[in-house]
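Report on the structure given below.
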Amino acid sequence: MKLIIRQENKADYKNVYELNTLAFEEKEEAVLVDLLRKNEEFIPQLSLVALLNDEIVGHILFTKIKIIDVNENEHESLSLAPMAVLPKYQKKGIGGKLINKGLSTAAKLKFKSVIVLGHENYYPKFGFEPTTKWKITAPFDVPTNAFMGLELVKDSLNNVSGIVKYPEEFDAV
């Protein structure tokens, strides 16, 4: 079986919704993806699907976010959220391939950094580090070791600090 990772298209929306619902065992992430696609900041090239034998088995989405410092300066970054793999295909490396493809695509699109709220033992494999390193905080209470960042461009977060501001769609779910 050959895994194919490609940009999501409109014909995939229903399957991606079902995939997120099954992977997270709730509809919040599926609804979030639907809402984020309608945001003017949506980046189609950073909504990726993984296919095995023409079946969508994974999805990842990167969305523009801002990091706002104490002087109200805004620094653009990306949020990796959500990422989902059908339960029967989890722990087979599909999520990692989606992450790697998404990060390389983001770098080609000239984005400089990515922020993720995720498992502290999983995301460091891809180079993510706690955002406390740069004095970047979440806008809500989360364990500091689960809120991580990755520089796509070396030292791109060195002079960045502040609170992450997510698109309003994140508040709707």
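The values are calculated or read from the model by the stated rules, or taken from the named source; none is laboratory data. Bear in mind that the values here come from a model prediction, so they are computed numbers and not experimental data. For neighbour counting, all protein chains shown are included, and Cβ atoms are generated from backbone atoms with ideal geometry for every residue, glycine included.
Scanning region 3-62 for residues that are in contact with a Gly (Cβ under 6 Å, 6 or more places away or on another chain) and of a type in the set (Val, Ile, Thr) turns up just one, Ile60.
For region 1-21, filtering for residues that are hydrophobic (A, V, I, L, M, F, W, C), under 16 Å from Val85 (Cβ atoms), more than 18 Å from the chain's Cα centre (by Cα) and at pLDDT 95 or above leaves 2. A Cβ distance below 6 Å, combined with a sequence gap of six or more or placement on separate chains, defines the contacts here; from region 1-30, residues that are of a type in the set (Phe, Trp, Tyr) reach residues that are surrounded by 13 or more Cβ atoms within 10 Å (Cβ to Cβ) in the pairs Tyr17/Ala30. Considering each residue of region 47-59 in turn, at least one proves to be surrounded by fewer than 22 Cβ atoms within 10 Å (Cβ to Cβ), assigned to a strand (DSSP E or B), on the phi < 0 side of the Ramachandran plot and of a type in the set (D, E, K, R). Taking region 135-173 as the range and being loosely packed, with under 11 Cβ neighbours inside 10 Å and farther than 16 Å from Pro82 by Cα as the test, the residues that pass are Asp141, Pro143, Lys154, Asp155, Asn158, Asn159. Being touching a residue at least 40 places away in the same chain (Cβ under 8 Å) and under 14 Å from the mean Cα position of the chain (by Cα) is a condition met by at least one residue of region 137-150.
Only one entry of Glu74, Glu41 meets the criterion of being within 27 Å of Lys108 (Cβ to Cβ) and modelled with pLDDT under 95, and that entry is Glu41.
A single member of Lys92, Lys101, Lys88, Lys97 is at negative phi, part of a helix (DSSP H, G or I) and over 14 Å from the mean Cα position of the chain (by Cα), and it is Lys88.
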